[in-house]
1. Is it the case that Glu269 is surrounded by fewer than 18 Cβ atoms within 10 Å (Cβ to Cβ), over 30 Å from Gly167 (Cα atoms) and among the acidic types (Asp, Glu)?
2. What about Met5, is it in contact (Cβ under 8 Å) with a residue 12 or more places away in the chain, out of contact with any Pro (no Cβ under 6 Å at 6 or more places or on another chain), among the aliphatic types (A, V, I, L, M) and surrounded by fewer than 19 Cβ atoms within 10 Å (Cβ to Cβ)?
3. If the requirement is being surrounded by fewer than 19 Cβ atoms within 10 Å (Cβ to Cβ) and within 36 Å of the chain's Cα centre (by Cα), which of these qualifies: Lys97, Lys87?
4. What do you reckon, is Gly369 over 36 Å from the mean Cα position of the chain (by Cα), at pLDDT 95 or above, at positive phi and open to solvent by less than 40 Å² (accessible area, probe 1.4 Å)?
5. On the basis of being open to solvent by less than 30 Å² (accessible area, probe 1.4 Å), outside any strand (DSSP E or B) and touching a helix residue (DSSP H, G or I) at 6+ places or on another chain (Cβ under 9 Å), does Leu247 make the cut?
6. If we scan the stretch 241-260, do we find a residue that is of a type in the set (S, T, N, Q), within 16 Å of the chain's Cα centre (by Cα) and modelled with pLDDT under 95?
7. For the stretch 458-489, name all the residues that are charged (D, E, K, R) and closer than 22 Å to Met245 by Cα.
8. Search the stretch 121-146 for residues being closer than 14 Å to Arg557 by Cα, acidic (Asp, Glu) and without any contact (Cβ under 8 Å) to a residue 60 or more places away in the chain, and hand back the single one that is most open to solvent (accessible area, probe 1.4 Å).
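The values are calculated or read from the model by the stated rules, or taken from the named source; none is laboratory data. In this text the structure is predicted, and so the values were computed from the model without any measurement. Ideal geometry is used to build each Cβ from the backbone, glycine not excepted, and the neighbour counts take in all protein chains shown. Ligands, DNA and RNA are excluded from the accessible area calculation, which covers all protein heavy atoms including side chains. Shrake-Rupley method; radii C 1.70, N 1.55, O 1.52, S 1.80 Å.
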Amino acid sequence: MAESMQGWKRSHRCAELSLKNVGEEVTVMGWVQKQRNKGGIIFVDLRDRSGILQIIFEESDCGAEAFAKAEKMRSEFVVAVVGKVEKRSGAVNENLKTGEIEIRATQVRILSEAETPPFPVESDSKTKEEIRLKYRYLDLRRPDLQEKLILRSKIASEMRAFMAKEGFLEIETPILCKSTPEGARDYLVPSRVHPGNFYALPQSPQLYKQLLMCSGYDRYFQIARCFRDEDLRADRQPEFTQADMELSFVDVDDVIDVNERLIQHICKEAIGLDIQLPLPRIKWQEAMDRYGSDKPDTRFAMELTDVSDVVAGCGFGVFTSALESGGSVRGLNVKGQAEMPRKKIDALVDFAKGYGAKGLAYLSVQEDGTYKSSFAKFMTEEELDRLVKAMQGEKGDLLLFAADKKDIVYSVLGALRVELGKQLGLIDESEFNFLWVVDFPLLEWSEEENRFMAMHHPFTMPMEEDWQYIDSDPGRVRAKAYDIVLNGVELGGGSVRIHQNDIQEKMFEVLGFTKEQAREQFGFLLSAFEYGVPPHAGLAYGLDRFVMLLTGADNIREVIAFPKIKDASCLMTEAPGTVDAKQLEELCIAVTTADVLENGKKEEA
C-alpha cells in the first residue's frame, strides 16, 4: 500500500550528492532503477532526473520493517529514503556522477508501486520507437532522453537571457489567427460563435511581429508554438517551436550580427562549444552550384562540377538531350571508389531516382588508366579524357553524373553527395559547421500553380539593384533573405521585410493577387503600413532542430516531450480522434467520410 510523504521533505536530488556530503543525513526520493538482494544486504539504484544514486539497506541500520519494504521494491517503484551519505565501501563506479558514494538507509517509504513496465527504462533503449511513444510517459524517464530535454530547457533560458540583454521584448502573439494563402497548409479551427467560419493555427507569428514593428516595439522576441499541416520527416513535426525575432531600423548585417552572437552564446553555455565569428557566408547560387543544396553540409568536400560545356555535342544522347532542352549535366568525383561493386552503384542509381533522376551515369578510372563506364561506348576517347580532366579524375576515382533540368540535377546530386558522405564515413560527426546562405531568389516558378511563388514569403524585400527586372525577368530578382545552416540542416531563416506600399503591391501583383484579394487576405497589415512603418527585418529558428543538432539526436522526436509520428498522430493519446456529435452540431459541422466522398464521385460520374 502506498505511503504518504507527510512530514518528509526531499533534501537533495540524487546526483546533487558527492563526497563533500559524507556524514550528512539526507532525504532522497525517486524511482527504483534496479534492486539487488544479496541476502543480508539489499542494493537499490534510485533514479531521478539528475541521475542515479546507490542506496544500501541492512536490517541492523534500518530495522526489519524498512528492510522488508526494500525486499518488496521493484523497477519503477517510487520511494523516499532517509539515510547517511558514506564513501563507497566497494569499487567506485566511474559511469555515475555519484559513483564514489552511497546512502546507508535508516528509513524508507514506498510512495507508489508500479506494474512491470513494457520495456526497460534505460539509456540507449533498443525498444521499437512505436512502443516507446505509446508509453511516452515511461520513455521520458530514460536518462538520455531527460538529458536532452533538460538541455533544451537550458537553451531556451539562455536565449531569453541573451535577447533581454540585447534589448528585445518578449511579446506573445495569437494562436487563433486568420487563414492566409502561400506556404504550407493551415490547421483550421472552427468557430462556434461564427458558424461556417474558421480560425487558422499560426504557421509562424510573421504578420503579428511585423505589426509589432509598426507599433514601435523596436525589438521583439518570442519562443512561439507554430503549426503546419504538412508531411513529416526526421526534422519536422506538425506542431513545433520557433525562436522568433524581429528588429526595426536594421538591414541584413545587423540581423546577422546579433544572431551570430546569440549562436556563439548558446553553443558556449549549452555544450561548451567555442564558435569563432564571423560565420562564413555563401551566396545561394554558389551553394547550389557547389553543393546542390541551399543548406549545404560543409563538413566534407566532394563538390559538384558543371560539365555541361565539356559534353555539349558529344555522342551520348542522355547528356545532349538534357542540354538541348535547357538542362544541365553535372557530376561528383567520389575519390578512391573506382572499385565500388556494381550492386552498390545500382543502389545509388535507385537512390537518385527517388529524387527525380531518370538514372545516373558513371565512369570509374581504373588503376591502369583505362575507363569503365556506363556510357563510354557513346563517346570518343578524346571526349572521355576531357570529361575526366574536367572532373579532376585520377586513378581510383568514381565519377557520377546526372543530366536533367537544372533543379532536378541539383536535387539529385545534392542528396547523393550527403548519402555518399554518410556511407563512406567522410563526415566528422564532432564538427559543428555553421554558415549563412544569402542572396536567395525572391521568387520560384511553380509548375503546379503555373505562376511565380515567393521563395520565402510575400513580405520579403527584393535587392534594390534587381528590382528593375521584376516585370521583364522576375526569376532574376534576388531577395534580402538569409538562412542559417548547421551541418546540412536549415536552423532558421529570415529576411528584410518590404516596408514600402508600392513594392508590396507590386509583389502581390507578381504573385497573382488582385488588389481585392490582397486586401481580403492581408488588409490589416496593408492598413497598418499606411500609418508609418519602419524598415524592419527578422529571423526565426526551429528550436527543435537546433536542440536536435546540439544534442546529437538522430531524430527531432528525441528532443520533443510528446511528439507526433509520421501521420501526425499521437500514439499515446490516440489523437486525432472523433468527437461527440453534439460538439459538431454546435459548430455547424457535418463530417463526410472518405468512403462517402468516393461513392458520391462515382454517382456523379
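1. On the way: surrounded by fewer than 18 Cβ atoms within 10 Å (Cβ to Cβ): yes; over 30 Å from Gly167 (Cα atoms): no; among the acidic types (Asp, Glu): yes.
Answer is no for this residue.
2. Values: in contact (Cβ under 8 Å) with a residue 12 or more places away in the chain: yes; out of contact with any Pro (no Cβ under 6 Å at 6 or more places or on another chain): yes; among the aliphatic types (A, V, I, L, M): yes; surrounded by fewer than 19 Cβ atoms within 10 Å (Cβ to Cβ): yes.
So Met5 passes the test.
3. Values: Lys87 fails: within 36 Å of the chain's Cα centre (by Cα).
The conditions single out Lys97.
4. Numbers: over 36 Å from the mean Cα position of the chain (by Cα): yes; at pLDDT 95 or above: no; at positive phi: yes; open to solvent by less than 40 Å² (accessible area, probe 1.4 Å): yes.
Judged against the criteria, Gly369 is not a match.
5. Working: open to solvent by less than 30 Å² (accessible area, probe 1.4 Å): yes; outside any strand (DSSP E or B): no; touching a helix residue (DSSP H, G or I) at 6+ places or on another chain (Cβ under 9 Å): yes.
Judged against the criteria, Leu247 is not a match.
6. Taking the stretch 241-260 and keeping what is of a type in the set (S, T, N, Q), we get 241-242, 248, 259.
Narrowing further to those that are within 16 Å of the chain's Cα centre (by Cα): 241-242.
Subset that is modelled with pLDDT under 95: none.
For the stretch 241-260, residues of a type in the set (S, T, N, Q), within 16 Å of the chain's Cα centre (by Cα) and modelled with pLDDT under 95: absent.
7. Let us first name the residues in the stretch 458-489 that are charged (D, E, K, R), namely 464-466, 471, 473, 476, 478, 480, 483.
Scanning the stretch 458-489 gives Lys480, Asp483.
8. The residue in question is Asp144.
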